[in-house]
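The values are calculated or read from the model by the stated rules, or taken from the named source; none is laboratory data. Computed from a predicted model, the values in this text were never measured in an experiment. Counting neighbours? That spans all protein chains shown, and the Cβs are built from the backbone with ideal geometry, glycine included. Note: areas computed on protein heavy atoms with side chains; ligands, DNA, RNA excluded. Shrake-Rupley method; radii C 1.70, N 1.55, O 1.52, S 1.80 Å.
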Amino acid sequence: MKKLLLLALVLLLAVGSLFAAAEEDAADGVVELDMYHYHDLADDTAVGQWGEIMAAFEVSYPNIKLNIEYQNNEPFHNKLQAMAVAKQLPDIVYLWPKKRTGYVTSQGLIKDLVPFLGDKIDDFATAAMAPQGPNGEIYEIPQQVTATHVVFTNNKILDELGLTYPKTLDEMLAQGPKLAAAGYIPIAMDNGDGWQMQSCFLSALTERAGGMDWYNDVLVGKASFSDPEFVNALNVIKVLSDNEMFTPGLNQAPYGNALSDFENGKAAYLIDGGWRVQSLVEELPEELVPYVTLNTFPDIPNQKGQSDSTAVVAGTGFGMNANLSGSKADAAWDWIWFYSGEEGANIRVGHGMIPSYAKADMGDQHPLLAKLVNFLNTKPAGYVIDAVVDGEGMGVLHPGLQEMMFGNMTPQEVADEFETWVAANDSTRNPE
């Protein structure tokens, strides 16, 4: 079905681009650019931040008009992949720093931003400016460095029930019945889109189970995702699911439901990414703020990796079509620099984000933002799977995780299916 959808999109794009070619209006000097943005219009926090950025940009650059198409979750990637196959990309496109959108950046379709950056590259956190291409190219400027795994903890609930943050998986499991009996969700998560369990939990568990030496060997084929280490990581999720520790119906729940449960005091723990601090800064009841801490998942059985580890990746940002030149390329850079540089970074700070732009005015930090800074500065970290395995492979892993929680696949079967795809298709294992 997914292949048929992709083919249909490619054919549609081949007949006529969904993005009309933007032209400079010689009469008023306005440059029009088409943009494809990963953005959830139903997320009030994201909409508020985005609206403030757009309003400020329009004031600073009245000569640039952005024609924006919004999409999110897998539909965004499905359509972007179709546009890449048809070689009909918009002028500006939202990208991931590594393999999640490698189907675009590896094809020569995105312009290298290093010549535009010049000395400004030193204004960003070093981790954010890691090369994204084989020759040191940077295709998008990450808006932040992201921890994809955080266990947000409501200590008010734990105190009420005489509990403390668990040190092991077994201790976490032992809390489940007591939390449920008191009417609380033990671990709030939503996985209706598939990526959440992979990015926000399994990625951290993979390093935790096997360690970085093994993880690096897996990526180049000296070890395997079929190994006991990866099966162990998957089994943690299976055990939690079997013991009803997660939000009921999480594999059908849209992203955001779990956050609401946590903010409303219905869940003891929320497993999500560090970016959720933005929402908590704006939406969490003030009286709960002192009770919320940022942790990582406790130690797991047969652990070979680092205790207290998370998963970290340079963040997402905007890149430009490799075919742009002249006034259109200049205008696209004006947007990218505005968004990722000082102006955009300062706006995002006000919405609870820690930007990769190192010269941003952090001002008086919200307590939760200060906790996130400490979290990022103190936690060891491994890889995010969809940053180091080609994005198409997530079409195998994500539904496999869901089927495992439904009881239709074992952890070993999920591991074997994913390894089979990686061995045959992943670009790191199969370089051209």
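Restricting attention to the range 173-187, the residues that are assigned to a helix (DSSP H, G or I) and open to solvent by 40 Å² or more (accessible area, probe 1.4 Å) add up to 5. Answer with yes or no whether VAL422 is among the aliphatic types (A, V, I, L, M) and under 21 Å from VAL150 (Cα atoms). When the stated conditions are applied, VAL422 does not pass them. Counting the residues of the range 98-122 that are of a type outside the set (D, E, K, R) and free of Cβ contacts under 8 Å to residues at least 24 places away in the same chain gives 4. Across the range 245-264, the qualifying residues are those that are in a loop (DSSP other than H, G, I, E, B) and touching a helix residue (DSSP H, G or I) at 6+ places or on another chain (Cβ under 7 Å), and the one among them that is farthest from PRO399 (Cα to Cα) is MET245.
Scanning the range 106-145 for residues that are touching a helix residue (DSSP H, G or I) at 6+ places or on another chain (Cβ under 9 Å) and polar (S, T, N, Q) turns up SER106, GLN107, GLN132, GLN143, GLN144. The set of residues in the range 224-270 being open to solvent by 20 Å² or more (accessible area, probe 1.4 Å) and either of a type in the set (D, E, K, R) or in contact with a Cys (Cβ under 8 Å, 6 or more places away or on another chain) (or both) consists of ASP227, GLU229, LYS238, ASP242, GLU244, ASP261, LYS266.
Consider the range 384-411. How many of its residues are touching a residue at least 24 places away in the same chain (Cβ under 8 Å) and either in contact with a Leu (Cβ under 8 Å, 6 or more places away or on another chain) or among the aliphatic types (A, V, I, L, M) (or both)? The number of residues fulfilling the criteria is 12. Only one entry in ASP190, ASP170 is out of contact with any Cys (no Cβ under 9 Å at 6 or more places or on another chain), charged (D, E, K, R), buried (at least 23 other Cβ atoms within 10 Å of the Cβ) and closer than 19 Å to SER241 by Cα, namely ASP190. With the requirement that a residue be part of a strand (DSSP E or B), open to solvent by less than 20 Å² (accessible area, probe 1.4 Å) and not β-branched (Val, Ile, Thr), what does the range 32-84 give you? If the condition is that a residue be part of a strand (DSSP E or B), open to solvent by less than 20 Å² (accessible area, probe 1.4 Å) and not β-branched (Val, Ile, Thr), then LEU33, ASP34, MET35, TYR36, HIS37 are the ones that fit.
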